[in-house]
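Undergrad: So that we are looking at the same thing, I have put the structure below in structure tokens.
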Amino acid sequence: MGKIILYHGSPNKEVTPKYGLGEARHDYGKGFYLTEDIELAKEWSVCRPDESNGWVHKYELDTDGLKIFDFQKESILCWLAELMKHRAAADSKRYRMLAQKFIEKYGVDTAEYDVIKGWRANASYFYIAKSFVRDEIDVEILEELLSLGGLGIQYCIKSELAYTHLRELEDELISVEFNDFNIKYNQRDISA
């Protein structure tokens, strides 16, 4: 794969990716999230409701020697199980029990991977996940439902090794106007 260009959208002008940081409840757990789609990164940079402008940081990731898990090459059920590991779609005891069984059946161990690549999820995906686990959605239409909305592909930097392969191209920092891209961010999630 070699070197790839990735973008990170943030409300912060200064960003220092560090191993072990990040939110455990994000799609793929703790890590540093990036995308190949600069427009998506711009939306991420202004997704907060405080109306402040954002920043897009450009990175080069040298993938040589890294183990990358790509959910796009796996079953949609595998991806859904990964989301269930990190994000709760419902608080009910029944959902937690059924989700755990689902994870045991379809989940994969991603702990040994340096980078995880896959679709980005939002709240609408968890509505679908909850309905699927309750047997309200047939598996034949699950993939079609989850592909709607074009939420984009993201990369999650997971291992210490992967962080050493990531280099910011600091002279290519981009300022993002809140009014231009927050509307696009919200529209993407609404359409999903």
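Undergrad: List the pairs from Lys30/Lys85; Lys30/Lys73; Lys67/Lys105; Lys85/Lys158; Lys67/Lys101 whose alpha-carbon separation is above 20 Å, in the order I gave them.
TA: Values: Lys30/Lys85 12 Å; Lys30/Lys73 22 Å; Lys67/Lys105 23 Å; Lys85/Lys158 15 Å; Lys67/Lys101 27 Å.
Violating the 20 Å Cα-Cα cut-off are Lys30/Lys73; Lys67/Lys105; Lys67/Lys101.
Undergrad: May I ask you to order 18-24, 161-167 by the average number of other C-beta atoms within 10 Å around their residues, highest value first?
TA: So the peptides 18-24, 161-167, ranked by packing, come out 161-167, 18-24.
Undergrad: Separate question: List the equivalent ellipsoid semi-axes of segment 1-112 in whole Å, largest first, each obtained as the square root of 5λ for an eigenvalue λ of the Cα gyration tensor. If you can, show how the numbers build up before the last one.
TA: Values: eigenvalues 160, 81, 28 Å².
Taking √(5λ) for each eigenvalue gives 28, 20, 12 Å, largest first.
Undergrad: Continuing with the same structure: From the phi angles alone, apply the Karplus equation (6.51, -1.76, 1.60; θ = phi - 60°) to segment 11-23 and give each ³J(HN,Hα) in whole Hz, x where the residue is Gly or Pro.
TA: x, 9, 6, 9, 9, 10, x, 9, 4, x, 8, x, 8
FYI, it's all coordinate maths here, none of it is from the lab. All of these numbers come straight from a predicted model, not from anything done at the bench. Every residue, glycine as well, gets a Cβ built from its backbone with ideal geometry; the counts of neighbours run over all protein chains shown.
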